[in-house]
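The values are calculated or read from the model by the stated rules, or taken from the named source; none is laboratory data. If you're wondering where the values come from, they're calculated on a predicted model, not measured in any experiment. Backbone-built Cβ (ideal geometry, glycine too); neighbour counts: all protein chains shown. What goes into the accessible areas is simple: the full protein's heavy atoms, side chains included, and nothing from ligands, DNA or RNA. Shrake-Rupley method; radii C 1.70, N 1.55, O 1.52, S 1.80 Å.
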Amino acid sequence: MAKKVLVVEDDANISELLRLYLEKDGFTVDIASDGGKGVTEFEKFSPDIVLLDIMLPVLDGWGVCREIRAVSKVPIIMLTAKGETFDKVNGLEMGADDYITKPFDVKELIARIHAVMRRYEDQSGGGEKKLVFDKLEINMESFELIVDGKRVEAPPKEMELLYHLASSPNRVYTRNQLLDEVWGFDYFGDSRTVDVHIKRLREKLENVSDQWSLKTVWGVGYKFELRQP
């Protein structure tokens, strides 16, 4: 069965160009021309991935991303005419899986779509994906983060980053390694993205337990430090 792509884009020329290339690549495509329709079409169309513009009428891309993330972990790639780091990081913090800045090469975008979907399918595969430490549970099957007995909201990429670090306690990862292994080898982002996600995780995990912590290894990168009892 063909994978389904929802394109939420108010520029008809861009959306039709995307439809042409995506359908040629074997995808089934649905288009919404504003954020409100994007949310409605997401519910009706049940896409496998969403291409989401930021500057939209009715409801902007960030609002659409929030609405989708409230009910689904489906991959989202943000399309933006803005190149500032704030806009990119803001989308990633809200739960987007990747972003691409306009004007973009359609072939590069399609490569990103395939990469993001591969990572999503790998993470959704079989096998138990749960880590438990003192006052901390990271459950990648349900995408739940339990801290000191309470469920804490965390975007998918924060969950993936924490799970990756905690899967190899005390191993130090460089920023580039984390970009390669969590975001994907073909991710074209800024290494500061890792710093921002670590900062957000620390805000949720600080001083919860004296048995583990997220540590900065200055000049190198980060690790999930598990202290010996």
Restricted to the chain, the DSSP antiparallel beta bridge percent, nearest 5, is 55
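Please report the projected area of the chain's Cα convex hull averaged over all directions, in nm². If you can, show how the numbers build up before the last one.
Values: hull surface 51.6 nm².
The directionally averaged projection comes out at 12.9 nm².
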Across the chain, where is the longest run that never hits chymotrypsin sites (Phe, Trp or Tyr not before Pro) in a DSSP loop with at most 11 other C-beta atoms within 10 Å? 1-184
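Loop only by DSSP, 16 or fewer other Cβ within 10 Å of the Cβ. Give me the trypsin sites (Lys or Arg not before Pro) in region 156-217 that pass, ordered by residue number. Please list the in-between numbers first.
Working: sites: K157, R171, R175, R192, K199, R200, R202, K204, K215; in loops: R171.
Answer in residue order: R171.
Let me have the relative contact order for the chain, percent, based on Cα pairs under 8 Å that are six or more residues apart.
Details: 363 pairs, mean separation 29.2, N = 229.
Computed over the chain, the figure is 13 percent.
Can you compute the FRET efficiency between T101 and S46 using 1/(1 + (r/R0)^6), with r the Cβ-Cβ distance and R0 = 30 Å? Round to the nearest 0.05. Display every interim value, and only then the final one.
Numbers: r = 28 Å, r/R0 = 0.93.
Taking R0 as 30 Å, the efficiency between T101 and S46 is 0.60.
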Sum -39500 (n - 2.57) across every DSSP H segment of at least 4 residues in the chain, then divide by the residue count to get the 222 nm mean residue ellipticity, nearest 500. -12000 deg cm²/dmol
Mind giving me the nanometre distance, one decimal, between the label points for E121 and K204, set 7 Å out from Cα along Cα→Cβ? 2.7
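Where in the chain is the longest stretch that carries no GluC sites (Glu not before Pro) classed as loop by DSSP and with at most 11 other Cβ atoms within 10 Å? Can you show the working numbers first?
On the way: sites that count: E84, E128, E153, E206.
With GluC sites (Glu not before Pro) excluded where exposed in loops, the chain gives 1-83 as its longest stretch.
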If you count only protein heavy atoms with a 1.4 Å probe, what accessible area per residue comes out for the chain, rounded to a whole Å²? 49
Provide the solvent-accessible area of S209, counting protein heavy atoms only and rolling a 1.4 Å probe, rounded to the nearest 10 Å². 20
Pairs over 21 Å Cα to Cα, from K4/K107; K135/K223; K4/K129; K73/K223; K4/K24, come to K4/K129; K73/K223
